[in-house]
Amino acid sequence: MLGKILYSAGLVLYFAVPSLYGQVMEKGPVFDLVHLERHQFKFNLFAPGLSYELGIFRNQTVSTNLGLGLATYQEGYALGLAWNNRYRYYHNLSRRANNNKNVSGNSGNYIAAAQAIFFSQLRLATDIEGPDDFNLGFYGLVYGIQRTYPKGFNFNVELGAGYYRGDGAVSGYGPLLSVNFGWVATKRKSRKPVFE
């Protein structure tokens, strides 16, 4: 069943990504990362963990994060180790740069396809009924804000909703809220704005 969900999500991304190109308002080649970082590695401090973000197209990145997470939906909650993946589309980088605002360290607002897996082996607490070894997956959309400051400190806030798929537990729908504070360990592009 999980394979069918991943296959369906892949098909959605395959057909949705080309349509985003028509909505891109920035100039230049699609593969040119004017404002985005090619690689960004971050240590998360608030919800301890590690994050990696890879710039793939002009306004788009993929990111992965392993750390503490909270799943909450109509059946209850689960707190523990979570693996989060995002396909991000940053929609305001050129406008921020043209207004002399910081865009280094992928400082912008984005819409993202979101996926998260909450592992049973490292769960700290739950009130979801089911066997002790159930896993929980999240599939949905989020809106996020990310800012990186001169010394490398970073914050990222996401709010969204989606489907929580239980593997051994009841599935359902619910919100996703993510708040992370961290430190970007990789070198960032110049903070000077790029005018096009």
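Looking at segment 126-174 only, could you name the residues that are outside any strand (DSSP E or B), under 16 Å from GLY69 (Cα atoms) and touching an Asp or Glu at 6+ places or on another chain (Cβ under 8 Å)?
ILE128, PHE134
Identify, from the list VAL142, VAL170, VAL184, VAL179, the residue that is modelled with pLDDT of 95 or more and among the hydrophobic types (A, V, I, L, M, F, W, C).
VAL142
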Subject >> Residues that are assigned to a strand (DSSP E or B), surrounded by fewer than 21 Cβ atoms within 10 Å (Cβ to Cβ) and at pLDDT below 95, drawn from segment 56-82 >> reply: ILE56, PHE57, LEU66, GLY67, LEU68, LEU70, THR72, GLY76, TYR77, LEU79, GLY80, LEU81
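Would you say ASN98 is surrounded by fewer than 19 Cβ atoms within 10 Å (Cβ to Cβ), under 16 Å from VAL184 (Cβ atoms), over 12 Å from the mean Cα position of the chain (by Cα) and modelled with pLDDT under 90?
Spelling it out, it is not the case that ASN98 is surrounded by fewer than 19 Cβ atoms within 10 Å (Cβ to Cβ), under 16 Å from VAL184 (Cβ atoms), over 12 Å from the mean Cα position of the chain (by Cα) and modelled with pLDDT under 90.
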Original post:
Only one of (1) modelled with pLDDT under 95; (2) closer than 30 Å to GLY130 by Cα; (3) of a type in the set (A, V, I, L, M, F, W, C) fails for ALA113. Which number is that?
Top reply: (1)
Subject >> Residues within segment 127-138 that are surrounded by fewer than 20 Cβ atoms within 10 Å (Cβ to Cβ) and either touching a residue at least 24 places away in the same chain (Cβ under 8 Å) or on the phi > 0 side of the Ramachandran plot (or both), tallied >> reply: 7
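The values are calculated or read from the model by the stated rules, or taken from the named source; none is laboratory data. Quick caveat: nothing in here was measured; it's all calculated off a predicted structure. Cβ sites come from the backbone with ideal geometry, for glycine too, and all protein chains shown count toward neighbours.
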